[in-house]
Amino acid sequence: MIVRTVRLVVQSRKEQELIDITPAVEQVIAESGVQEGLVSVFTMHTSSGIIVTEGLPCLEEDIIAHLSKLCPSEGDYLHRRYLSIDGRVGFNADAHLKSVLGGISASFPVVSGRLLKGSRQRIYFAEYDGPLSREYVVQVMGK
Amino acid sequence: MIDFHTHPLLVEEFVAKDPELLRASQEVFFIRNRLQPLQTFHLELEVSGLQKAIILPVDARSARGCRLFSNEQIAELCRVSGRFIGFASVDPLQRQAPDELERAVRLLGLRGLKLHPSMQGFSPGDREVAYPVYEAAAALGIPVLIHCGMTWAPGCKSVNPMELESVACDFPSLKLVIAHFGWPWVHETAMLLLKYENLFADTSCLYFDAPWEFMRHIFGERLPLTLVERSLRHKVLFGSDYPRVEIKNMVRALRQVGLSDGALELIFAKNALCVLGEREGS
């Protein structure tokens, strides 16, 4: 069995955005040598996420807008206090909640050495607290 | 628009060249965010609608055995990016501090001086230790930004803005900026701003709650908004304290307190230009 784990970096450019990482995931699969198996994608941050949806700019905006309605930045959050672990006040509870609601990972089958997904499905890195340089992990397992 | 109070501590290109920076940032400056490429700093400015940022070092070699960016590193960052205005820092406990400041301004092109009394272990009113540095700054015609108010370093006594009154009196031509609006001594800060023409204060304070809540707490609850709008509109400078707080959040917070467009224009841009000597004050 082959297990290939790759850490990738993505630079978000906006406060909130969905960044299509499908080509990067496909490249990791191609380089892994796995023909039959599973690929998983995880974000390394609690104020970001991994989302799968149709690759349309309108939907990208709708998802961000809807999560923002569910988790408004001006909400009354206990997280707004000094956090010695960071040396700063935590005031991005909305970003953490969006991450919880949107999810932090996605998995797809790998068949004949390729990502098996619906023709309209795209894999996105979801930035909820940018702009930041972010890390995510792609792990391919199989034979 | 200018951010008058940022620290380039977590710029990973510089930490890669000088790993000691990371230790000093974490153990002396108490900031533990992840490192970010320089590009993130630029994008943060763009998202916030700001053109420039003043980047601040702290020379705490005598008191803490470290420098949070050297003057040379600040100058290098300013060469790499036209969006930065570099300030110097010198260690007042070292006899050569005035000469170092002159070199930083004349040879490295830095535009102001940053001091942090509690981190650097001196008292702002100390005539023997601090005054030679103020004399050098006054002779060079550069502003001095001094940490005031809440500090994560030991020694809160030395950062009470009232410590600056004698300095403001003795150096009337020296522009002094009270950092962090001197919180929690905001009444003292306001009094000093009213009293001394050469004193200014920046808005880079956030110690609890969200930025907009904290900003409203100072401008509107602790101090009447009319005080800023009518009397201090030429004395307040926008500062974020990035990366302790994201610039975009502080911009949004200040815009939400209810100041007029005219006052905001002064606070976000014109007052900074005046302190930097690029514009006449009014």
Review point. What stretch of chain B, leaving out the sites themselves, is the longest with no GluC sites (Glu not before Pro) in a DSSP loop having at most 15 other Cβ atoms within 10 Å?
Key: B:1-127
Point to revise | Stokes-Einstein diffusion coefficient of the protein assembly as shown, Kirkwood radius over Cα pairs, 37 °C, 0.692 mPa s, in µm²/s | key: 142
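Apply the Kirkwood formula to region B:2-275: the hydrodynamic radius equals the inverse of the mean of 1/r over all pairs of different alpha-carbon atoms; give it in Å with one decimal. Could you put the intermediate results ahead of the total?
Values: mean 1/r = 0.0544 Å⁻¹.
For region B:2-275, the Kirkwood estimate is 18.4 Å.
State, as an integer percentage, the relative contact order of region B:2-275 based on alpha-carbon contacts under 8 Å between residues 6 or more apart.
Values: 537 pairs, mean separation 46.8, N = 274.
The normalised contact order for region B:2-275 reaches 17 percent.
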Check your understanding: Roughly what % of DSSP beta bridges within the protein assembly as shown run antiparallel, to the nearest 5?
Key -> 65
**Study point:** region A:28-51 and region B:147-207: distance between their alpha carbon centers, rounded to Å
**Key:** 51
Review point. So what's the gap between the Cα centers of region B:224-260 and region A:96-120, to the nearest angstrom?
Key: 42
Check your understanding: So what is the 222 nm mean residue ellipticity for chain A from helices alone, if each DSSP H run of at least 4 adds -39500 (n - 2.57) and you divide by all residues, rounding to the nearest 500 deg cm²/dmol?
Key -> -7500 deg cm²/dmol
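Quick one: work out Rg over Rh on the C-alpha atoms of region B:61-178, Rh as Kirkwood radius. It would help to have the intermediate numbers written out before the result.
Numbers: Rg = 13.6 Å, Rh = 14.4 Å.
When Rh is taken as the Kirkwood radius, the ratio is 0.95.
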**Study point:** Residue (of A:Ala106, B:Leu199, B:Ser260) at the positive-pole extreme of the protein assembly as shown, dipole from beta-carbon charges
**Key:** A:Ala106
Point to revise | Net charge of Cβ neighbours under 12 Å - reference A:Met1; Lys, Arg +1; Asp, Glu -1 | key: +1
Revision key, fill the gap. A student asked for the Cα radius of gyration and Dmax of chain A in angstrom ought to give 16.4, 51
Exercise for review: Determine the sum of side-chain charges near A:Gln16: Lys and Arg each +1, Asp and Glu each -1, restricted to other residues whose C-beta is under 12 angstrom from that of A:Gln16.
Suggested key: -3
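With r defined as the distance between the Cβ atoms of B:Lys157 and A:Ile85 and R0 fixed at 30 Å, what FRET efficiency is calculated, to the nearest 0.05? Let's see the in-between values first.
On the way: r = 27 Å, r/R0 = 0.91.
According to the calculation, E is roughly 0.65.
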Practice item. Using only the alpha-carbon atoms of region B:1-73, report the extent along each of the three principal axes, biggest first, to the nearest angstrom. Key: 38, 22, 21
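Please list B:Met1, B:Met215 in order of solvent-accessible area, largest first, computed with a 1.4 Å probe with all protein chains present. Don't jump to the answer; show the numbers that get you there.
Numbers: B:Met1 55, B:Met215 0 Å².
Ranked from most to least accessible, the order is B:Met1, B:Met215.
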Exercise for review: Could you check the simple spin-label distance between A:Ser40 and B:Glu265, using points 7 Å along Cα→Cβ, in nm with one decimal?
Suggested key: 5.7
Exercise for review: Rounded to the nearest 0.05, what FRET efficiency do B:Arg95 and B:Asp126 give with R0 = 22 Å and r taken as the Cβ-Cβ distance? Could you check?
Suggested key: 0.95
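When the dipole is taken about the Cα centre of chain A, and only Lys, Arg (+1) and Asp, Glu (-1) are charged at their Cβ, what size is it in debye, to the nearest 20?
Working: 15 positive and 17 negative charges, 79 e Å.
Here chain A has a charge dipole of around 380 debye.
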**Study point:** B:Glu27 paired with A:Ser68, simple spin-label distance in nm, labels 7 Å along Cα-to-beta-carbon
**Key:** 4.3
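How charged is the neighbourhood of B:Ala263? Take every other residue with its Cβ under 14 Å from the Cβ of B:Ala263, and add Lys/Arg as +1 and Asp/Glu as -1. Display every interim value, and only then the final one.
Working: positive: B:Arg230, B:Arg233, B:Lys235, B:Arg255, B:Lys270; negative: B:Glu229, B:Asp261, B:Glu265.
Overall, the nearby charge balance is +2.
Report the number of Lys pairs in the protein assembly as shown whose alpha-carbons are under 13 Å apart, with separation of 8 or more residues or on distinct chains. Intermediate results must be reported in sequence, preceding the final value.
On the way: A:Lys14/B:Lys248; A:Lys69/A:Lys98; B:Lys52/B:Lys270; B:Lys114/B:Lys175; B:Lys175/B:Lys235; B:Lys195/B:Lys235; B:Lys235/B:Lys270.
Lysine pairs satisfying the spacing and distance rule in the protein assembly as shown number 7.
Where the accessible area of region B:92-230 is counted over protein heavy atoms with a 1.4 Å probe, how much of it, in %, is carbon and sulfur? Write down the numbers at each step before the final one.
Numbers: 2840 of 5450 Å².
Its accessible area is 52 percent carbon and sulfur atoms.
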Check your understanding: Which of the GluC sites (Glu not before Pro) found in region A:47-125 are loop residues per DSSP with 15 or fewer other Cβ atoms within 10 Å of their Cβ?
Key -> A:Glu74
Study note, to complete from the structure: So the angle from the long Cα axis of helix A:57-70 to the longest Cα principal axis of chain A, reported in degrees to the nearest 10, equals 40
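What's the total accessible area buried between chains A and B, using a 1.4 Å probe, rounded to the nearest 100 Å²? Mind showing how you got there, number by number?
Values: alone 8210 and 11310 Å², together 17440 Å².
Heavy-atom accessible area buried at this interface is about 2100 Å².
The values are calculated or read from the model by the stated rules, or taken from the named source; none is laboratory data. Just so you know, these numbers come straight off a predicted model, no measurement behind them. Methodologically, a virtual Cβ is constructed for each residue, glycine included, from the backbone with ideal geometry; neighbour enumeration extends over all protein chains shown. Calculation scope for accessible area: heavy atoms of the full protein, side chains included, ligands and nucleic acids excluded. Shrake-Rupley method; radii C 1.70, N 1.55, O 1.52, S 1.80 Å.
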